[in-house]
Amino acid sequence: AGIWGTLIGSIFIGSEYNIIGAAGALATVLFAATLAAPLGLGASILPILALFTGAIVFIVWLLKLDRYLYYIPSSVMYGFAAGVAILIAASQLFDAAGLSTLSRTGHFLGDIEKFVANTADIHIASLSVFAIFLVGILIWKKFIKKIPVVIPAAIIGIIFGYLEANYFPLDIFSLQDKFGSITATLILPVAWDGLRAIFADSASLAAILKVSGIIALIAVLETLITAKLGDKLTKTESSSSRELFGLALSNLGSGAMGGLPTTGVFIRTGANIKSGATHRTSGILAALFTAVIALLVLPFFSFIPMAVIAAILVNTALGLLEADKFVEYWNHERESFGVAILVALVTIFHDAGLGVAVGAMVALFLFASKVSHGRFDVIWNFTDGTTKEIRSSRNLEIPSDKKLAFVSYSIAGNIGYIDANRHFSNLKKLAQSNGAPVLILRFKNLFSIDFEGTEAISEAVKELQNKNVHVYISSASSHIEEELLAFPVFKNLKERGFFTEKTSDAILKIKA
């Protein structure tokens, strides 16, 4: 994935800086997929998942569905990342404590329960190595910014593992002890027979499509968000369409060569930008250097202790956990904080895809609830020449201490089926109060209005006219005016000169 996925992605993506490859954000989903792989495929399912993911992303690109993914708010993604971070950290408990020989359940609570049941067998030397390396990693990150900490951590880990295995044995489990000898190859065979068997079994196909859909969703969002963040850092503008096209080909290429599903990752892209990259060639070179290093150095990684790998992955988990963002949500928007926590909990205790889906739906309902309140601005103009402004109000409270000369009621953004009834109720309330002889409906910042919205406003205007309130329409753009004039009540107002380009023009008419 780090060779073929990165190489193909760097050639075809829309960003000059985004680096596509294997990612920690996918780790728990992929690990669970190997445990639940149909037809006994095990880890052989991973390249097949990359192929399915590439096909799904290609369909998203072909149908231009990426525009709908922007409706998933950042709170969902930060919640998902937090959930994945906790899952990654929890999954390292066994290796950190020297319990690498124990099998995993693939579920958070199941793994925690199994770990607790085996705490008597914790290997103190392994736990000490884990703690020392994790502290060292965190100190390095704090004081040395230019060199990614994984490089010295891996090198020191390999040296320590070699010395431990040959000169001062502490019985610390290594990568070789767990997986056997490690060799590098540029191409791994894909289980094509397994792929054919999946298509022949509907249950297996459904399971693969579900997991691949989750991976594709994560990959698309991660890649697009990473590209946009890269654009902000470099003051450039990438193509979302090309980004998806490159991501699709990256996954298809990685899968065909026996690799993992791929995605863009901001940590990798950020390091690319901070290192002075100016062109996609940096990504191509990264893939080529990965190939060279893998072929020449990978066998030495067999000496690295699993406790050191656990420390590196816990650091990765900490990088995914954006605690500052949660504090920001708590201080400024509690709804987003609640959504993020909900997504994190569902991701941890049940399923990553369900977490994203539930979070997106809850966020949508919260957004609809906000919009349905029909926020508006009102300026009360009194006969004594004084005014009172109400900004971004949710409820219309009509003043009774002074006599009104006229009222300016402003609606910005959109009037649609969600909030139309609230504006209708406000204007009807104003009509029934018999307090204002003139109303200016100000549409300067109104960008869209649907049929139900126009109908509701027209009914409200009729109510106002029945109560002898003169209604002016001001500052409506040409397309908003076109929508309004489809209704007779607005057409009549237009013909009588009650449409004005500016609110000040309406005020001059009122005072005249």
Inset, instruction - May I ask for log10 I(q)/I(0) of the range 1-95 at q = 0.14, 0.15, 0.18, 0.25 Å⁻¹, from a Debye sum over the Cα atoms as equal point scatterers with solvent left out? - result: -0.73, -0.84, -1.18, -1.34
Inset, instruction - Go through Asn414, Val438, Thr454 and say which Cα lies farthest out towards the positive end of the charge dipole of the range 414-469; charges sit on Cβ, +1 for Lys and Arg, -1 for Asp and Glu. - result: Val438
Legend entry - Cα convex hull volume per residue for the range 267-335 (Å³): 142 Å³
Inset, instruction - Give the ranking of Phe245, Phe406, Phe349 by solvent-accessible surface, highest area first, calculated with a 1.4 Å probe. - result: Phe349, Phe245, Phe406
Legend entry - Interchain or long-range residues, amide H under 5 Å from Phe406's placed H: Asn381
Legend entry - Accessible solvent surface per residue of the chain, calculated while the other protein chains remain in place, 1.4 angstrom probe, Å²: 50 Å²
Legend entry - Stokes-Einstein D in µm²/s, Kirkwood radius over Cα pairs - the range 115-205 at 37 °C with 0.692 mPa s viscosity: 190 µm²/s
Legend entry - Values of log10 I(q)/I(0), in the order q = 0.10, 0.17 Å⁻¹, for the range 353-493 under a Debye, Cα-only, solvent-free model: -0.36, -0.91
Legend entry - Dmax and Rg, reported as Rg then Dmax, of the range 157-227 (C-alpha, Å): 20.3, 54
Legend entry - the chain: radius of gyration over Cα atoms, expressed as a fraction of 2.2 N^0.38 Å: 1.28
Inset, instruction - Sequence neighbours fewer than 8 away in the same chain don't count; with that in mind, list the lysines whose C-alpha is under 26 Å from Lys403. - result: Lys388, Lys428, Lys429, Lys462, Lys467, Lys502, Lys509, Lys511
Inset, instruction - For Val471, list long-range residues whose amide hydrogen, built 1.01 Å from N in the peptide plane, is under 5 Å from its own amide hydrogen. - result: Leu439
Inset, instruction - Grab the beta carbon distance between Phe447 and Ile284, set R0 = 25 Å, and tell me the FRET efficiency rounded to 0.05. - result: 0.05
Inset, instruction - Kindly write out, for the range 474-487 in residue order, the coupling ³J(HN,Hα) from the Karplus curve 6.51 cos²θ - 1.76 cosθ + 1.60 (θ = phi - 60°), rounded to whole Hz, with x marking Gly and Pro. - result: 10, 6, 6, 5, 4, 6, 5, 4, 4, 5, 5, 5, 6, 9
Inset, instruction - List the relative contact order of the chain as a percent without decimals, with contacts defined as Cα pairs under 8 Å and 6+ residues apart. - result: 23 percent
Legend entry - Carbon/sulfur fraction of accessible area - the chain, other protein chains in place, 1.4 Å, %: 63 percent
Legend entry - the chain: calculated mean residue ellipticity at 222 nm from DSSP helix runs of at least 4, using -39500 (n - 2.57): -19500 deg cm²/dmol
Legend entry - Exposure of Asp401 as accessible area (Å², to 10), given a probe of 1.4 Å and all protein chains: 120 Å²
Inset, instruction - Taking the Cβ of Phe108 as the centre, find all other residues whose Cβ is under 13 Å away and add up their charges (Lys, Arg: +1; Asp, Glu: -1). - result: -1
Legend entry - In nm, spacing of pseudo-spin labels at Asn421 and Ala117 (7 Å Cα→C-beta vector): 5.3 nm
Inset, instruction - List the DSSP H helices in the chain whose Cα atoms stretch 18 Å or more along the helix axis and whose mean Kyte-Doolittle hydropathy is at least 1.6. - result: 45-62, 74-91, 124-143, 150-166, 281-297, 306-320, 334-349, 352-372
Legend entry - Qualifying GluC sites (Glu not before Pro) in the range 288-374, DSSP loop, other Cβ atoms within 10 Å at most 15: Glu333
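The values are calculated or read from the model by the stated rules, or taken from the named source; none is laboratory data. Everything numeric here is computed off the predicted structure, so don't read it as measured data. All Cβ positions, even for glycine, are placed from backbone atoms using ideal geometry, and neighbour counts span all protein chains on display. Accessible surface areas use protein heavy atoms only, side chains included; no ligands, DNA or RNA. Shrake-Rupley method; radii C 1.70, N 1.55, O 1.52, S 1.80 Å.
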